[in-house]
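First comes the structure, then the notes that go with it.
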Amino acid sequence: MIEVKNLKKHFGSNEVLKGINQHISKGEVVAIIGPSGSGKSTFLRCLNQLEETTEGEIYVDGELINTPKADINKIRRKMGMVFQQFNLFPHLSVKKNVTLAPVMLKTMTKEEADKRAIDLLKKVGLEDKAEAYPNSLSGGQKQRVAIARALAMDPEIMLFDEPTSALDPEMVGEVLDVIKELAESGMTMVIVTHEMGFAREVASRVLFIDQGVVMEEGTPSEIFENPKNERTKLFLSKVL
Amino acid sequence: MNPDLFLQLDFSSWYANVRNQFIRCFIENDRYKLLVNGIGVTIKVSLVALLFGLIIGMIIAMCNLSKKKPIRAIGLVYTDIIRGTPSVTQLMIIYFVVFASINISKWFIAAIAFGINSGAYVSEIIRAGILSIDHGQTEAGRSLGLGSFQTMRKIVLPQALKNIFPALCNEFIVLIKETAIVGYIGLMDIQKAGDFIKSATYLPFMPLIATAIIYYVLIKLLNLGLKKIENALRKSDVRSTR
């Protein structure tokens, strides 16, 4: 579903990604862990081209996406994204946040989108907040709305960029529950996270990224119980 | 002489004098009509100039925020020239040079001139407003598959406009007062009407004070209206339903 070949990314003279090769198949839940500044968020943001790539190729459903010829807006509709800082639209009600893209991009009529929005808000447990404005919500509620908003475009892939890092500890659980449910429904997902317990429980594969390369990858039990790479061991010893 | 009588005499002569001045300035030859018509001219020029200013300001702001250097240069040169020259000079150049041989109503030419002038200032306000919106908003819009123009129109601009609304009101008020120079191209606005009455009667006090009062009341009314709009815009800020 996603094929990444020799992906490199420079910010000026700073080389953040130094050649990443990955294949992500349909239905996989890939958790990306690693120290701060290792390039894991950059990697995720390259996948939907919020970051331009310096070198290498990214294919989504067999289509090369990091080229000016690609219709990036169309490709992004297949990939929902959830941000660390939620990035809800504060001037729109919760329901409007969810319906904005499907209505503007004409993938649904307004009535269909409204109905779908209520269904999605039910799914994340916030149907009673449909008419509220984002500023009146707690962090956990905001992030659940953000997930519903991303799902409204019926994406094939969901990208999560540290979805719980900006939350108060008591709100982490409610967001992780929603993501977990989504994983169980068979959605293809790539999750950058610092929640090791969560990665272990939900992921089908774990990538440990450090210094711009994938240092180690494997099933959660391989990575967490039996890490081979020295850096992985060092990192896990600090966070577990 | 009885001091009471003195006061009384003085007051009645003062009153007679004021009354006489008032009649000469405003009633004689229906001079008040000059001021009333002047209000119409001022409002007409200001409103249309505001509209042009917003359109031009938006375009120039987009130029200034463009990733392409030549387009940024257009915006830069525009603001540089307009802000670097007096508006009265611009007005006269546009009337006597640019539109010299074209037959359009004077007030419309004035509106264009003030629109061009105001656009330079409005563009900077809009640019600041757009930059004040967190880049995450744009990213969220783009990640949903919206194009950059759609994201700007539906997500960034509505928030930016709310933030810069007070500054835009300020600019509009400045614009109204700025139009007091349209007399230079022979338009009879409020200021010119007051000035005309002053010259015709040799009485400066009444017409000039009247001019000031009219401008003040106009802007006061405008302020009240704008405040209402601003409050409506602030709707989504209310933190109520937690």
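Both numbers refer to the Cα atoms of the stretch A:121-231; Rg and Dmax are 15.5, 51 Å. Quick one: go through the stretch A:166-183 and flag any residue whose amide nitrogen is under 19 Å from the point 7 Å out along the Cα-to-Cβ line of A:Asp128. Correct set: A:171, A:174-175, A:178.
Would the stretch B:1-136 count as rounded, prolate or oblate if I go by the C-alpha gyration tensor, calling it rounded below 1.5 in a/c and otherwise prolate when a/b exceeds b/c, oblate otherwise?
On the way: a/c = 3.95, a/b = 2.38, b/c = 1.66.
Cα axes put the stretch B:1-136 in the prolate bin.
Toward the positive end of the charge dipole of chain B, with +1 on the Cβ of Lys and Arg and -1 on the Cβ of Asp and Glu, the farthest Cα among B:Phe196, B:Ala160, B:Ile173 is that of B:Ala160. Please report, to two decimal places, log10 I(q)/I(0) for the protein assembly as shown at q = 0.08, 0.09, 0.14 Å⁻¹ as given by the Debye formula with identical point scatterers on the Cα atoms and no solvent. Values returned for q = 0.08, 0.09, 0.14 Å⁻¹ are -0.66, -0.76, -1.27.
Rounded to the nearest whole angstrom, the semi-axes of the ellipsoid equivalent to the stretch B:88-236, taken from the Cα gyration tensor as √(5λ), stand at 39, 21, 10, largest first. If R0 is taken as 30 Å, the Cβ-Cβ distance between A:Asp168 and A:Asp61 corresponds to a FRET efficiency of 0.20. Each of B:Phe22, A:Phe83 has some number of other Cβ atoms within 10 Å of its Cβ, and from fewest to most they run B:Phe22, A:Phe83. Packing around the peptides A:145-157, B:68-80, taken as the average count of other Cβ atoms within 10 Å per residue, puts them in this order, highest first: A:145-157, B:68-80. The charge dipole of chain A, taken about its Cα centre with unit charges on the Cβ of Lys, Arg, Asp and Glu (plus for the first two, minus for the last two), comes to roughly 480 debye. Ordering B:Trp14, B:Trp107 by the number of other Cβ atoms within 10 Å of each residue's own Cβ, fewest first, gives B:Trp14, B:Trp107. Straightening the chain between B:Thr85 and B:Leu221 buys 45.9 nm, computed as 0.36 nm per residue apart minus the Cα-Cα spacing. Here each label is just a point 7 Å from Cα along the line to Cβ, and for B:Glu28 and B:Lys67 those points are 7.0 nm apart.
Counting Cα-Cα pairs of the stretch A:1-157 in 10 Å increments starting at 0 gives whole-percent bin shares of 10, 35, 31, 20, 4. When the P(r) is computed for the stretch B:169-229, the part past 14 Å accounts for 61% of the Cα-Cα pairs.
Under Stokes-Einstein, with the Kirkwood radius over Cα pairs standing in for Rh, what whole-number D in µm²/s applies to the stretch A:107-178 at 25 °C and 0.890 mPa s?
Details: Rh = 12.8 Å.
In µm²/s, the coefficient is 191.
The stretch A:172-216 has equivalent-ellipsoid semi-axes of 21, 12, 8 Å, by the square roots of 5 times the alpha carbon gyration tensor eigenvalues, sorted largest first.
Globularity index of the stretch A:1-94 is 1.15 (Cα radius of gyration / 2.2 N^0.38 Å, N = number of residues).
Here each label is just a point 7 Å from Cα along the line to Cβ, and for A:Met1 and B:Ile59 those points are 4.7 nm apart.
Each value in this text was obtained by applying a stated rule to the coordinates, not by laboratory testing. Just so it is clear, the model here is predicted, and its values are computed rather than measured. Here the Cβ is made from the backbone with ideal geometry for all residues, glycine too, and neighbour counts use every protein chain on show.
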